[in-house]
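Below is one structure; the comments refer to it alone.
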Amino acid sequence: MRPKDRYIGGEILDGQFKILKKIGTGGMGSVYKAAQPAMNRMVAVKILHAKLKSRKDLVARFRREARAMSHLTHPNTVKVMLYG
């Protein structure tokens, strides 16, 4: 049996997002379906794997990826609204 995901059912960033379910996992992190109650919308939240948070190079890469994605506007890309 797989261990329970600590984020599912919880809130992050002072309650800004409620994590509903995991929708994907990659080498650097996992992506979750989440509710953003204050904005009355559903969003995707990508969270860096806990085992990588001490790797400053990977944390910087994760932030660069978010920053780069925030400048893209195309129907086939996600819109980055917040990172940190």
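The values are calculated or read from the model by the stated rules, or taken from the named source; none is laboratory data. The model shown is predicted, which means the values in this text are computed figures rather than measured ones. Because the Cβ atoms are built from the backbone with ideal geometry, glycine has one as well, and the counts that use them run over all protein chains shown. All accessible areas refer to the heavy atoms of the entire protein, side chains included, with ligands and DNA or RNA removed. Shrake-Rupley method; radii C 1.70, N 1.55, O 1.52, S 1.80 Å.
The lysines whose alpha-carbon is closer than 16 Å to the alpha-carbon of LYS22, local same-chain residues fewer than 8 away aside, are LYS4, LYS33, LYS46.
Phi angles of segment 6-13 translate, via the Karplus equation with coefficients 6.51, -1.76, 1.60 and θ = phi - 60°, into HN-Hα couplings of 5, 8, 5, x, x, 10, 10, 6 Hz per residue; Gly and Pro are given as x.
Seen from a random direction on average, the alpha-carbon convex hull of the chain projects onto 6.4 square nanometres. When ILE12, ILE19 are compared by accessible surface with a 1.4 Å probe, the order from highest to lowest is ILE12, ILE19. Placing +1 on the Cβ of every Lys and Arg and -1 on the Cβ of every Asp and Glu, with nothing else charged, gives the chain a dipole about its Cα centre of roughly 260 debye. Take the chain with all the other protein chains still there, run a 1.4 Å probe, and you get 79 Å² of accessible area per residue. The calculated FRET efficiency for the pair LYS4 and VAL80, based on their C-beta separation and a Förster distance of 30 Å, comes to about 0.60. With the highest mean first, a sort of the peptides 39-51, 23-35 on other beta-carbon atoms found within 10 angstrom per residue produces 23-35, 39-51.
Could you tell me what percent of the accessible area of the chain is made up of carbon and sulfur, with a 1.4 Å probe and every protein chain present? Summing carbon and sulfur atoms, their accessible area is 55 percent of the total for the chain.
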